[in-house]
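Reading through the structure tokens given below for one structure.
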Amino acid sequence: TVATAWQWSTAGTGTFDNTTNASAVYTPSVADLSSGSVTISLTTDDPSGVCGVTTDDMIVTFFPFATANAGVDQSICSDSDAILGGTIGGSATLVTWTSTGTGTFTPDVNTLNATYVTSLADQAAGFIVLTMTTNDPVGPCPSVSDDLELSISPVPLVSAGADLVVCAGLDAQLNGTISGAVISG
């Protein structure tokens, strides 16, 4: 006769949703994840006859998810650069920055904490999105992305007007102007 039942077991400390179901789901424990892998075994029952119990092992290897944080959204003046403070974790080791604008990343698009130099088109638009994407790490976990919204305000412009020469005791007529991001002066 042949085996008619089976039982899942683990060398780890995770749990099965049903140890007697061939399509069981294994939920790894924190200790399993920390060790990086766990051995899981499937054992048959003891059929009648000369054949005994049979066991087969499999190793499940765990890869951490890649994580990405492009940093907090920023607001800058159009004459300033955006200093980026991205972080990555898990299995991610590299990043690539992209922009909905036409500015440049210094020293390059693969520097985690690059500086974004806005273009005239970015400044005119007043708003762009910078996206930091991790590399596709080794293993089954995919790359991940995170966005940073960059608001670009026009530089405040102020002019006191031309120099004046007036007679002592007379009023000086001032003719100043403000523009850009300034609404009062």
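Within the stretch 135-170, what residues put their amide N at less than 18 Å from the label point 7 Å along the Cα-to-Cβ vector of Phe127?
147-155
Which listed residue (Thr106, Pro137, Thr177) has the Cα farthest towards the positive end of the charge dipole for the stretch 99-185, taking +1 on Lys and Arg C-beta and -1 on Asp and Glu C-beta about the Cα centre?
Thr177
Please calculate the 1.4 Å probe accessible area of Thr19, with all protein chains present, and give it to the nearest 10 Å².
So the heavy atoms of Thr19 present about 50 Å² to solvent.
What are the extents of the Cα atoms of the chain along their three principal axes, listed from largest to smallest and rounded to whole Å?
On the principal axes, the chain reaches 123, 27, 24 Å in Cα extent.
Dipole of the stretch 1-94, Cα-centred, from +1 at each Lys and Arg C-beta and -1 at each Asp and Glu C-beta, to the nearest 20 debye?
Details: 0 positive and 9 negative charges, 28 e Å.
Taking the Cα centre of the stretch 1-94 as origin, the dipole is about 140 debye.
About the Cα centre of the chain, how large is the charge dipole given +1 on each Lys and Arg Cβ and -1 on each Asp and Glu Cβ? Please answer in debye to the nearest 20.
On the way: 0 positive and 17 negative charges, 14 e Å.
Charge dipole, the chain, about its Cα centre: 60 debye, nearest 20.
Could you give log10 I(q)/I(0) at q = 0.12, 0.15 Å⁻¹ for the stretch 1-105, computed by the Debye formula over C-alpha point scatterers of equal weight, without solvent?
Values, matching the q order: -0.64, -0.77.
For the stretch 128-139, take each phi angle, set θ = phi - 60°, evaluate the Karplus expression 6.51 cos²θ - 1.76 cosθ + 1.60, and give the result in whole Hz per residue in order, putting x for glycine and proline.
So the J values, rounded to whole Hz, are 9, 10, 9, 10, 9, 10, 6, 5, 7, x, 4, x.
What FRET efficiency comes out for the pair Ser41/Val138, r = Cβ-Cβ distance, R0 = 35 Å, nearest 0.05? Provide the component values of the computation, followed by the final result.
On the way: r = 26 Å, r/R0 = 0.75.
For R0 = 35 Å, the calculated efficiency reads 0.85.
In Å², what does the accessible area per residue of the chain work out to with a 1.4 Å probe?
Per-residue accessible area for the chain comes out at 62 Å².
The values are calculated or read from the model by the stated rules, or taken from the named source; none is laboratory data. Quick caveat: nothing in here was measured; it's all calculated off a predicted structure. Note that each Cβ is placed from the backbone with ideal geometry, even for glycine, and that neighbours are counted across all protein chains shown. Keep in mind that these areas ignore ligands, DNA and RNA; they rest on the heavy atoms of the full protein, side chains included. Shrake-Rupley method; radii C 1.70, N 1.55, O 1.52, S 1.80 Å.
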